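*Asks:* Please read through the structure below; I'll follow up with questions.
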Amino acid sequence: MRHWFAPPQRADEYETFAASVLHYTLLLLMSIALLFTFFVTSPSQLIFIPVVIGIFGGCYYLLHRGRFRLASLIFVSGLWLVVTLAAFSINGIRNASISVYAVVIIYSAVLFPARAVIVFSWMSVFSITLLTVGETLNVLPLRTTPLFLADRFFQQLALIGAAGVLLSAASRVIRVSFQRIHMNEETLLRRNRELEVEIAERRRTEASLRVSEEKYRLLFENIPVMATVFGQD
């Protein structure tokens, strides 16, 4: 039971970081969505909230069953679809959920390869452009509702919370990486100093050996002369 509340561990270090980000983000967003159900003032939110909770809950289950890639795909794609449908259905470009596109793009950069960021960025730009053109032509949005403070509050709370989780996790990884680099640099410097000492010691030893070899050479060269001298005596 405990493992359902702990970030999943992956074989790859970066995937462990990404899975941890997704884990805490899903916990936060599910908590906000469940809390939002007690303060709903807009009837339309009664449709979107269960869908959002279902998406987040399904992603959380898949993530802790080892399906990290599938959970990431459903989370980012599902969130983008919900935001898009909400904007096209209600209030168009003025819909507060439009700002969630930024979160979708940022999370696609963390959870997927680089190309996913380009895809979701273009999709979001196209959606916003279509909403703007449609509203200019008075064909979008499908319905306009008054501003509900509870809706706006919880939407912004989710946006700020998701950004906070991501930046907190990213800053921790960056800080740990810098600490690791600093430790590696210190290790390399210490090893270099040890190597310099070893090299200097080896050079002194080699110099001593050369001196000894020269002395022995002179000794052996002088043995015949010394033998002759002593023989004459």
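The values are calculated or read from the model by the stated rules, or taken from the named source; none is laboratory data. Quick caveat, the model's predicted, so the values are computed rather than measured. Cβ placement follows ideal geometry from the backbone for every residue including glycine, while neighbour counts extend to all protein chains displayed.
*Asks:* Considering every residue within the range 168-183, establish whether at least one is at pLDDT 80 or above, under 30 Å from PHE36 (Cα atoms) and assigned to a helix (DSSP H, G or I).
*Replies:* So in the range 168-183, the residues at pLDDT 80 or above come out as 168, 181, 183.
With under 30 Å from PHE36 (Cα atoms) added as a condition, the list becomes 168.
Add one more test, that the residue is assigned to a helix (DSSP H, G or I), and what stays is 168.
Yes.
*Asks:* Now for a different question. Got a sec? Which of LEU167, LEU140, LEU189 is hydrophobic (A, V, I, L, M, F, W, C) and closer than 21 Å to PRO43 by Cα? Explain how you work it out, then say what you get.
*Replies:* Numbers: LEU167 fails: closer than 21 Å to PRO43 by Cα; LEU189 fails: closer than 21 Å to PRO43 by Cα.
It is LEU140.
*Asks:* Could you please find all residues in the range 41-59 being over 29 Å from PHE5 (Cβ atoms) and free of Cβ contacts under 8 Å to residues at least 24 places away in the same chain? Show your work before the answer.
*Replies:* Residues of the range 41-59 that are over 29 Å from PHE5 (Cβ atoms), as a first pass: 41-44, 47.
Hits for the range 41-59 are PRO43, ILE47.
*Asks:* From the list VAL83, VAL76, exactly one residue is under 19 Å from TYR14 (Cβ atoms) and part of a helix (DSSP H, G or I). Which is it?
*Replies:* The conditions single out VAL76.
*Asks:* Another question, then. Could you run through the range 13-40 and say how many residues are without any contact (Cβ under 8 Å) to a residue 60 or more places away in the chain, closer than 16 Å to HIS64 by Cα and surrounded by fewer than 20 Cβ atoms within 10 Å (Cβ to Cβ)? Break it down stepwise before answering.
*Replies:* Filtering the range 13-40 down to residues without any contact (Cβ under 8 Å) to a residue 60 or more places away in the chain leaves 13-16, 19, 23, 26-27, 30-31, 34, 37-38.
Narrowing further to those that are closer than 16 Å to HIS64 by Cα: 15-16, 19, 23, 26-27, 30.
Still in the running and surrounded by fewer than 20 Cβ atoms within 10 Å (Cβ to Cβ): 15-16, 27, 30.
Number of matching residues: 4.
*Asks:* I'd like the full set of residues that are more than 24 Å from LEU166 (Cα to Cα) and surrounded by fewer than 17 Cβ atoms within 10 Å (Cβ to Cβ), limited to the range 107-127. Spell out how you get there, then give the answer.
*Replies:* In the first step, residues of the range 107-127 are kept if they are more than 24 Å from LEU166 (Cα to Cα); the result is 126-127.
The one that is more than 24 Å from LEU166 (Cα to Cα) and surrounded by fewer than 17 Cβ atoms within 10 Å (Cβ to Cβ): PHE126.
*Asks:* While we're looking at this one, here's another question. Any idea which residue in the range 115-156 is farthest from PHE38 (Cα to Cα), counting only those that are polar (S, T, N, Q) and not in a helix (DSSP H, G or I)? Steps first, please.
*Replies:* From the range 115-156, those polar (S, T, N, Q) are 121, 124, 127, 129, 132, 136, 138, 144-145, 155-156; that's our starting set.
In the following step, the residues that additionally are not in a helix (DSSP H, G or I) were identified as 138, 144-145.
Working: ASN138: 34, THR144: 23, THR145: 20 Å.
Ranking the qualifying residues of the range 115-156, first place goes to ASN138.
*Asks:* Kindly list the number of the only condition in (1) surrounded by 11 or more Cβ atoms within 10 Å (Cβ to Cβ); (2) under 19 Å from SER89 (Cα atoms); (3) free of Cβ contacts under 8 Å to residues at least 12 places away in the same chain; (4) among the aliphatic types (A, V, I, L, M) that fails for VAL176.
*Replies:* (2)
*Asks:* Separate question: Check whether at least one residue in the range 196-215 is assigned to a helix (DSSP H, G or I), at pLDDT below 70 and over 30 Å from VAL21 (Cβ atoms), and report yes or no. Before the answer, list the steps.
*Replies:* Taking the range 196-215 as the starting set, the residues that turn out to be assigned to a helix (DSSP H, G or I) are 196-215.
So of that shortlist, the ones also at pLDDT below 70 come out as 215.
Applying the additional criterion that residues be over 30 Å from VAL21 (Cβ atoms) yields 215.
There is at least one residue in the range 196-215 that is assigned to a helix (DSSP H, G or I), at pLDDT below 70 and over 30 Å from VAL21 (Cβ atoms).
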